[in-house]
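All remarks here apply to the structure that follows.
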2 protein chains.
Amino acid sequence: MKKIVIDPIGVIHSPYKNSKNIPIQGRFKDKVEAFALIKNKYKEGLRDLQEYSHAILIYHFHKIKDEKIVAQPYLEKKDHGVFSIRSPYRPNRIGFSIVKIKKVDDNKLYFTEVDMLDQTPLIDIKPYVEYFDKREDVRSGWIEKHFKDGKIPEQTILK
Amino acid sequence: MKKIVIDPIGVIHSPYKNSKNIPIQGRFKDKVEAFALIKNKYKEGLRDLQEYSHAILIYHFHKIKDEKIVAQPYLEKKDHGVFSIRSPYRPNRIGFSIVKIKKVDDNKLYFTEVDMLDQTPLIDIKPYVEYFDKREDVRSGWIEKHFKDGKIPEQTILK
């Protein structure tokens, strides 16, 4: 199978310079703000994005060197297959986050619900569409028990 | 900025051999079934995925050659920035779909809510997690008016 070459569309400027205190998902620390700086040749692509409340960011875990096919997630000390956890130590090291749009200004997209490191290469931005991306009757596998009854586990923020 | 080289984790076997009759999102034709065939070296990564109801697939629009920074989406004859539409004619041609898991069998993931072509290279699989990926108070930009009052527009199925 042929390899695919990705040319980043821009870079994320985030207050998280390393993994200390970073949330496993941005919504667990939802006041922190970051911005994506888009290459000039793509800035027209941001047109109308501000009409959406949320965006999907697809990016590269650029600090991660290895992949683990079976691993322990942050939430529990138990092995799971990498495709049933959200760990960055995965084949191709592709990250995916849903963020809250604050504003678009020229070639910058400002957002909250940040869970990526500073200088993360950005691969794509897609609008989060209620009719496409929101699912009802979701079973969340081994993760479900950790969020039962509305509780938020401590391990949602890295030490 | 450095380029990123992606080595697909597997390939999608889909009944859609070309774009005719394919839905713009899998849920608009939710009985169709497909499977992802994962490379043997990654098959242990599928462990525990079957406990989830939905998976996020990240893949490559391998049949698309060009990118359009401003374009008309399928749903309306009006220009929008590529990052506010879900068109495949985008920088890096990365696709993203939420699919419904039917079963995992050895190195095969069977699913419904299919919107990708046969032989699509698969880049990553992530579990869809209610507490991470489901958002309330969503504004869906220019798309919103097309799905008002529960109606499904005709253009959700390609001709």
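The values are calculated or read from the model by the stated rules, or taken from the named source; none is laboratory data. What you see is a predicted model; the values in this text were computed from it and never measured. Methodologically, a virtual Cβ is constructed for each residue, glycine included, from the backbone with ideal geometry; neighbour enumeration extends over all protein chains shown. Ligands, DNA and RNA are excluded from the accessible area calculation, which covers all protein heavy atoms including side chains. Shrake-Rupley method; radii C 1.70, N 1.55, O 1.52, S 1.80 Å.
For the reader, a short list of remarks on this structure follows.
- Trypsin sites (Lys or Arg not before Pro) within the range A:107-155, DSSP loop, no more than 12 other Cβ atoms inside 10 Å: A:Lys151
- Those residues of the range A:125-146 whose amide nitrogen sits under 19 Å from the label point placed on B:Ile152, 7 Å along Cα→Cβ: A:129-138
- Think of each Lys and Arg Cβ as +1 and each Asp and Glu Cβ as -1; about the Cα centre, that makes the dipole of the protein assembly as shown roughly 660 debye.
- Label-point spacing at B:Lys103 relative to the other copies reads 5.4 nm, in ascending order, each point sitting 7 Å out from Cα along Cα→Cβ.
- Taking A:Gly26, A:Gly95, A:Gly81 as the candidate residues, the one with maximal mean-square fluctuation in a Gaussian network model of chain A, Cα springs under 10 Å, is A:Gly81.
- Within straight-line cross-link reach of B:Lys41, aspartates and glutamates at Cα separation under 19 Å, skipping those fewer than 8 residues along the same chain: A:Asp66, A:Glu67, A:Asp79, B:Asp7, B:Asp105, B:Asp106, B:Asp124
- Note on A:Lys159: lysines with a C-alpha under 16 Å away, same-chain residues under 8 apart excluded, are A:Lys17, A:Lys20, A:Lys29, A:Lys77.
- Most mobile of A:Asp149, A:Asp30, A:Asp115 in a GNM of chain A (Cα contacts under 10 Å): A:Asp149
- Total accessible surface hidden between A and B, rounded to 100 Å², 1.4 Å probe: 7600
- GluC sites (Glu not before Pro) lying in DSSP loop within the range B:111-159, provided at most 14 other Cβ fall within 10 Å: B:Glu136
- Spatial separation of Cα centroids for the range B:77-115 and the range A:15-49, in angstrom: 22
- Between B:Glu76 and B:Val5, the modelled labels are 4.4 nm apart [label points 7 Å from Cα along Cα→Cβ].
- Inter-probe distance in nm under a simple model that places probes 7 Å from Cα toward Cβ, at A:Lys63 and B:Lys39: 2.7
- Considering only A:Gly81, A:Tyr42, A:Val32, the residue lying farthest towards the positive end of the dipole of the range A:1-82 is A:Gly81, judged by Cα position with unit charges set on Cβ.
- Applied to the range A:62-74, the Karplus parametrisation 6.51 cos²θ - 1.76 cosθ + 1.60 on θ = phi - 60° returns per-residue 3J(HN,Hα) values of 6, 8, 8, 9, 10, 10, 10, 6, 10, 7, 8, x, 5 Hz, with x for Gly and Pro.
- Global form of the protein assembly as shown, assessed from the alpha-carbon gyration tensor, a/c cut-off 1.5: rounded
- For the range B:49-99, size of Cβ-based charge dipole, Lys and Arg +1, Asp and Glu -1, in debye: 220
- Each helix, a run of at least 4 DSSP H residues, gives -39500 (n - 2.57); summed and divided by the residues of chain A, these come to -500 deg cm²/dmol at 222 nm.
- Cα gyration tensor shape of the range B:79-135, rounded if a/c is under 1.5, else prolate or oblate by comparing a/b with b/c: oblate
- The GNM of chain A, with springs linking C-alpha atoms under 10 angstrom apart, assigns the highest mean-square fluctuation among A:Ser140, A:Ser53, A:Ser84 to A:Ser140.
- Computed about its Cα centre, the charge dipole of the range A:1-149 is approximately 500 debye, with only Lys, Arg, Asp and Glu carrying charge at their Cβ.
- Per residue accessible area of the range A:1-102, 1.4 Å probe, in Å²: 46
- Apportionment of accessible area to carbon and sulfur, the range A:14-159, percent (1.4 Å): 47
- Prolate/oblate/rounded label for chain B (Cα gyration tensor, a/c 1.5): prolate
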